[in-house]
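Heads up: the structure comes next, in structure tokens.
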Amino acid sequence: MANFRRIAFGSLYASFFILLIIVLFNFAFNTISISNSERKVRQITQQILPFVEQLKELELLTTEARLHATNWAYREGRNIEDREALIKINEDKYPLMKEKLLGAKTDLMIAQEDKDTLNVIFQNIDALIEANQELLTNLETFDDFSDPSLLLHQEIVVMDILPLNDAIDRSIENLTAVNRERVNLRQQDIIGSLNTMAYVMPIVSGVILIILVFSGLLIFKRITQPVKQVRDNLLVLSRGVVPDRIINAPKGVIGEMVAALNTLKGSFSKTAKFAEEVGKSNWEASFEPLSQQDILGNALLQMRKSLKAYAEEMEAKVKEKTREMIRSQKELEQTYANIEKKDADLQATSAKINQLSEAATQANTQITDNINYAKRMQEVMFADLPKIRKQVPEFFLFLKPRDVVSGDFYWYNNPAEHDKMAQDKIIIAAGDCTRAGVPGAFMSLVGMANLNQTVFLKNKIEPDEILRELNRDIKALFKNNDNEHHLDQKDGIDLGICTWDRKNNVLEFAGAKMPLIYIQNHELHLLKGIRYNIGSAEEEALNFSKHRIELDPYEPTSFYLFSNGFQNQTGQQEGKKFMLKRLKQLFWEIHEKPIEEQRTILEQSLQTWQGDRKQDDDIMILGFKL
């Protein structure tokens, strides 16, 4: 048996030695073949092919020179560009190309016959440059072609330039063909080297495979049987079963593996028994680890300690949870009783809320009915628009209350209906009460009633006199017996009054904190009222100014009376007010349009500016042309 092992190991060493020699031979052979191929490839790509490309460039350059020379000497439609191109080739391109080829002749390892051919090409190029130069010298300008010696210049081209070009082209073609043949020969050498490598590699691989198989068979006899037994025992352990068979193995690494597996089998038996005892809550079961580094054994001991502490802790928690559940049950019973009591209280509160809701609904209905009635009363007090347009045909009203009823109002009346002395005068007024909604609506009724009284009973038709009398009447109306004001100082009516004297074709205006804008002869004018409104100041503090406007009989004048609602409306996008400046610009843009179209544009502009934003105040604009 010992002799067999020595023979086996001797054969194994010899096999590895032969394998090493074969591998080294294969490496050297491949390295040399690849190196030769790389050298030939570099010679092709870095020497021969660039040289061939330069020859092609020289051939193209001579062709270009021949074309420009013949064009300049022969063609009737000659141009100076051919001469300039020929000069550039003689002076720049030929010398540069010659320098490149001289470098190739010096640097590249080319055959002697190629060098001789290059020398011939250089001689022909020098002669060609001289011939081109002679042609350029004799034919410098177009006037030189009128010289009878033109035939002599053409002979220079035919006798010197063209033959030289042909000789250079033939030399280049021959030299190019020779170098291409060299490229083909080197490519065939590279392919032959690769084919040799492709033939040798399978042979070397087969020999290496045979050696490896032979070596494997020698090793198999020594290690396969013990490894198979170890595998069987490991498969049994993998199923959670401790194997019964003890493995006998020779000395060495395999023997140590078998001994370690036998020890591990005994340890698993002890570990399984200990774990079973711990599972039965036997905290006093004995167990000894294989060593201090025995991870599994120490982990089992730590697990027993942790499980014991956890069992004791859980027992204490269960007792505490039981006591908490008893307390929680009592608290839930008390909470349920409180909920039943609160539910009864909520039902009683809900009944009261329903009663209040019904009462609020009834009150809201009554308030809405009253407001709608107030709206009808206000509409009755407003002047009839057809009646106004009968006297002022080009008249529009844009009225948009913030709520159902409006604090803005307009007033019209013809004093001629009551006073024959004033039959040629018409009065138009616009008012803006300082409060919106119902309070403003009631104030507007007061204003319209007092206007009727001032004009028809007191026969006041001048706008400043109407304002002064109206202020006196409203202040007297809101005084009680103790001479105390019922109105806040800020309460009152912004009012603007226009009196149109049709006989004299004049319009007079006076305003209390309300302006008038009129556009006449393509100019916009703004007439401001005084800074106090009607009902807010003592009579001695008021100084109403009356403005007189002469009307143009040939071109109508546009007038606009308006409350501050439009200009104070906040925009949706910018969050800013419309402002008087923008409103003046809008009046200017629309004043020449038909009167109803003006109203439509104002309404659309407001909608665009306001968007979805809530309306801030009542809005009213009176517009008319006279």
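Here is how the numbers come out for the structure above:
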read-out	value
Every residue from the range 72-82 that is open to solvent by less than 40 Å² (accessible area, probe 1.4 Å) and modelled with pLDDT of 75 or more	D82
Subset tally (residues that are surrounded by fewer than 17 Cβ atoms within 10 Å (Cβ to Cβ) and under 26 Å from K503 (Cα atoms)) for the range 536-545	1
Long-range neighbours under 7 Å by Cβ, at least six apart or interchain, first residue at positive phi within the range 458-474, second open to solvent by 30 Å² or more (accessible area, probe 1.4 Å)	N459/D419
Residue in the range 226-238 that is out of contact with any His (no Cβ under 7 Å at 6 or more places or on another chain), part of a loop (DSSP other than H, G, I, E, B), open to solvent by 50 Å² or more (accessible area, probe 1.4 Å) and modelled with pLDDT under 70 present	no
From A316, A285, residue being touching a Phe, Trp or Tyr at 6+ places or on another chain (Cβ under 7 Å) and either in a loop (DSSP other than H, G, I, E, B) or at pLDDT 75 or above (or both)	A285
Residue satisfying all of: in the range 484-494; assigned to a loop (DSSP other than H, G, I, E, B) and open to solvent by 30 Å² or more (accessible area, probe 1.4 Å); modelled with the highest pLDDT among these	K490
Unmet criterion (only one of (1) assigned to a loop (DSSP other than H, G, I, E, B); (2) touching a Leu at 6+ places or on another chain (Cβ under 9 Å); (3) of a type outside the set (A, V, I, L, M); (4) open to solvent by 70 Å² or more (accessible area, probe 1.4 Å)) for R548	(1)
Some residue of the range 460-476 being at pLDDT below 95, open to solvent by less than 60 Å² (accessible area, probe 1.4 Å) and among the small types (G, A, S)	no
Enumeration of residues in the range 495-535 that are closer than 24 Å to Q598 by Cα, under 56 Å from the mean Cα position of the chain (by Cα) and open to solvent by 10 Å² or more (accessible area, probe 1.4 Å)	P515, Y518, Q520, N521, H522, E523, L524, H525, L526, L527, K528
Residue, nearest to D618 (Cα to Cα), within the range 348-393, restricted to residues that are over 56 Å from the mean Cα position of the chain (by Cα) and of a type in the set (K, R)	R376
Residues located in the range 293-338, provided they are open to solvent by 70 Å² or more (accessible area, probe 1.4 Å), closer than 20 Å to V278 by Cα and of a type in the set (S, T, Y)	Y310
Cross-chain or 6+ apart pairs with Cβ under 7 Å, the range 565-583 first and on the phi > 0 side of the Ramachandran plot, then assigned to a loop (DSSP other than H, G, I, E, B)	M579/Q567
Members of the range 551-561 found to be within 24 Å of L583 (Cα to Cα) and part of a loop (DSSP other than H, G, I, E, B), listed by number	L551, E555, P556, T557
Condition check for Q598: loosely packed, with under 15 Cβ neighbours inside 10 Å and either of a type outside the set (V, I, T) or part of a loop (DSSP other than H, G, I, E, B) (or both)	no
Qualifying position, being more than 25 Å from I428 (Cβ to Cβ) and assigned to a helix (DSSP H, G or I), among Q585, Q607	Q607
Residue match in the range 417-425 (condition: at pLDDT 90 or above, hydrophobic (A, V, I, L, M, F, W, C) and open to solvent by less than 10 Å² (accessible area, probe 1.4 Å))	no
Those residues of the range 372-401 which are out of contact with any Leu (no Cβ under 7 Å at 6 or more places or on another chain), surrounded by 12 or more Cβ atoms within 10 Å (Cβ to Cβ) and either at pLDDT below 75 or not in a helix (DSSP H, G or I) (or both), in sequence order	A374, F382, A383, V392, E394, F395, F396, L399, K400, P401
Cβ-Cβ under 6 Å pairs, at least 6 apart or on other chains, the range 153-167 side assigned to a helix (DSSP H, G or I) and modelled with pLDDT of 75 or more, far side crowded, with 18+ Cβ neighbours inside 10 Å and not polar (S, T, N, Q)	I161/A69; I161/A131; L164/L128; N165/R66
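Yes/no matrix, rows are residues, columns are (1) in contact with a helix residue (DSSP H, G or I) (Cβ under 6 Å, 6 or more places away or on another chain); (2) open to solvent by 70 Å² or more (accessible area, probe 1.4 Å); (3) among the β-branched types (V, I, T); (4) at pLDDT below 80:
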site	(1), (2), (3), (4)
L96	no, yes, no, no
T106	no, yes, yes, yes
A111	no, no, no, yes
F122	no, no, no, yes
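Conditions tested, residue by residue: (1) polar (S, T, N, Q); (2) in contact with a helix residue (DSSP H, G or I) (Cβ under 9 Å, 6 or more places away or on another chain); (3) in a helix (DSSP H, G or I); (4) modelled with pLDDT under 75.
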residue	(1), (2), (3), (4)
E256	no, no, yes, yes
S269	yes, no, yes, yes
L290	no, yes, no, yes
A311	no, no, yes, yes
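The values are calculated or read from the model by the stated rules, or taken from the named source; none is laboratory data. This is a predicted model, so every value here is computed, not measured. Glycine also receives a Cβ, built like all others from the backbone with ideal geometry; neighbour counts cover every protein chain displayed. Heavy atoms of the whole protein, side chains included, go into the accessibility calculation; ligands, DNA and RNA do not. Shrake-Rupley method; radii C 1.70, N 1.55, O 1.52, S 1.80 Å.
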